Amino acid sequence: MSKKVKIKQVRSTIKRLESQKRTLKALGLRKIGMEVEHELTSSISGMINKVRHLVEVNSIK
């Protein structure tokens with residue numbers, strides 16, 4: 001069983017790089033306060049690392 005994480009957008013994408021905006025969209029985040037759940041794979045962890053200053057990550061049991 002793979003580990004799952006809950007990702008919540010906590011900061012705005014205004015005045016951010018276009019690649020960071022596209023990364024948030026690929027994660028499924030569109031607005032501040034929105035939460036999504038993903039399995040923690042290497043690609044997801046790389047995406048989280050790219051926008052770690054805009055999101056909050058919590059692990060799910």
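FYI, it's all coordinate maths here, none of it is from the lab. Everything numeric in this text was worked out from a predicted model, so none of it was measured. With ideal geometry, Cβ positions are generated from the backbone for all residues, glycine too; neighbour counts draw on all protein chains shown.
Annotations for the structure displayed:
- Residue list for segment 19-46, filter: out of contact with any strand residue (DSSP E or B) (no Cβ under 9 Å at 6 or more places or on another chain), loosely packed, with under 11 Cβ neighbours inside 10 Å and farther than 15 Å from Val5 by Cβ: Ser19
- Checking each residue of segment 16-23 against the condition of being touching a residue at least 40 places away in the same chain (Cβ under 8 Å) and either touching a Gly at 6+ places or on another chain (Cβ under 6 Å) or not in a strand (DSSP E or B) (or both) gives no match.
- Boolean, Ser59 is out of contact with any helix residue (DSSP H, G or I) (no Cβ under 8 Å at 6 or more places or on another chain) and either exposed (fewer than 12 other Cβ atoms within 10 Å of the Cβ) or in a loop (DSSP other than H, G, I, E, B) (or both): yes
- Search result, residues across segment 24-38 that are in a helix (DSSP H, G or I) and either under 26 Å from Lys61 (Cβ atoms) or in contact with a Leu (Cβ under 8 Å, 6 or more places away or on another chain) (or both): Leu24, Ala26, Leu27
- Any hit, segment 48-55, residues being exposed (fewer than 14 other Cβ atoms within 10 Å of the Cβ) and touching a residue at least 40 places away in the same chain (Cβ under 8 Å): yes
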